[in-house]
Amino acid sequence: MAEDRPMPNAALRTLFLAIEEVMGKNGTNAILNLSGLREYIDNYPPNNLDQDVKFSEYGIAQQAIEDFYGKRGARAILQQIGRATFRYGLNEQPAILGVAGLALRLLPARTRMKLILGRLAEADTKTVNQPAHVEEEDDAFIFVVEACPCAFRERKEKGVCCFTTVGALQEGLKWATGNHYRVHETTCINAGDDACRYHIEKEPEG
Ligand SMILES: [Zn+2]
């Protein structure tokens, strides 16, 4: 198993707030109980960038949601939670998203996509302790995450599982462009790959 990594308090706090938005207070308490994170019940990490919490905690909270709803049912819920993490990040601690001062007005959608993805990757790398970068193909951007909490998710079946990141990327792109884009995780550290890769189509959906 990968070596654990510290991450900012605000990142885990934002995940818990997002879980609460989607699953309610009781649902969140059930998840914290299930995942062995009882210390956080009514006691979320503070809203700051100190790195007192761990990737493993972020990962096992996500896994508890998958175990709670089942693999199929959890997918949409995790994606919804991911969308909410972007919104809470934006309101509570924009530094973890790197979007402060991002000027998007009058720019074409594709440029906006490139800028927001670049900022997210930079903030992941510098602030969240999660090395990430963006690659570009003809029809898609590839968001590459080289260290992910999914390394600490114990799953019976291996496979792509980072649906919260899919949701967060979709919400970030929507915020930056007003459009909905198709995002798919194509490789995943949980499945034994070297990185989690997200394929983002340049053409908006619909
Ligand atoms: Zn992954």
- Taking only the alpha-carbon atoms of the chain, what semi-axes of the equivalent ellipsoid follow from 5 times the gyration tensor eigenvalues under a square root, in whole Å, largest first? 26, 19, 16
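Among LYS25/LYS156; LYS114/LYS156; LYS54/LYS202; LYS71/LYS202; LYS25/LYS114, which pairs are too far apart, with a Cα-Cα distance over 30 Å? Please list the in-between numbers first.
Numbers: LYS25/LYS156 28 Å; LYS114/LYS156 36 Å; LYS54/LYS202 33 Å; LYS71/LYS202 28 Å; LYS25/LYS114 36 Å.
Listed pairs above 30 Å: LYS114/LYS156; LYS54/LYS202; LYS25/LYS114.
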- Query: How much area per residue is accessible in the chain when the probe is 1.4 Å and only protein heavy atoms are counted (Å²)?
  - Reply: 47 Å²
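Show that you can apply the helix-only estimate: for the chain, add -39,500 (n - 2.57) for every DSSP H stretch of four or more residues, divide by all residues, and state [θ] at 222 nm to the nearest 500.
Details: 5 runs with 96 residues, N = 206.
Calculated at 222 nm, the ellipticity per residue is -16000 deg cm²/dmol.
Any chance you could run the full-extension gain for LYS25 through ARG75? It's 0.36 nm times the residue separation minus the Cα-Cα distance, nm to one decimal. Could you put the intermediate results ahead of the total?
Working: separation 50, 0.36 × 50 = 18.00 nm, distance 2.01 nm.
Contour length minus the Cα-Cα distance gives 16.0 nm.
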- Angle in degrees between helix 109-126 and the longest Cα principal axis of the chain, rounded to the nearest 10: 40 degrees
- List the GluC sites (Glu not before Pro) within segment 1-105 that fall in a DSSP loop (any state other than H, G, I, E or B) and whose Cβ has at most 15 other Cβ atoms within 10 Å. GLU3
- Could you give the dipole magnitude of segment 6-201 about its Cα centre, charging the beta-carbon of Lys and Arg +1 and that of Asp and Glu -1, in debye to the nearest 20? 480 debye
- Measuring from centroid to centroid over Cα atoms, what is the spacing of segment 159-196 and segment 2-71 in Å? 19 Å
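Counting other Cβ atoms within 10 Å, keep those with at most 12, restrict to DSSP loop, and tell me which GluC sites (Glu not before Pro) in segment 105-144 are left.
Values: sites: GLU122, GLU135, GLU136, GLU137; in loops: GLU137.
Loop-located and lightly packed - GLU137.
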- Treating the angle as unsigned and between 0 and 90°, give the value, to the nearest 10°, between the Cα long axis of helix 9-34 and the longest Cα principal axis of the chain. 50 degrees
- Item | Share of carbon and sulfur in the accessible heavy-atom surface of the chain [1.4 Å probe, %] | 47 percent
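The values are calculated or read from the model by the stated rules, or taken from the named source; none is laboratory data. What you are looking at is a predicted structure, and each value in this text was computed from that prediction instead of being measured. Ideal geometry is used to build each Cβ from the backbone, glycine not excepted, and the neighbour counts take in all protein chains shown. Quick note on the areas: whole protein, heavy atoms, side chains included, nothing else; ligands and nucleic acids left out. Shrake-Rupley method; radii C 1.70, N 1.55, O 1.52, S 1.80 Å.
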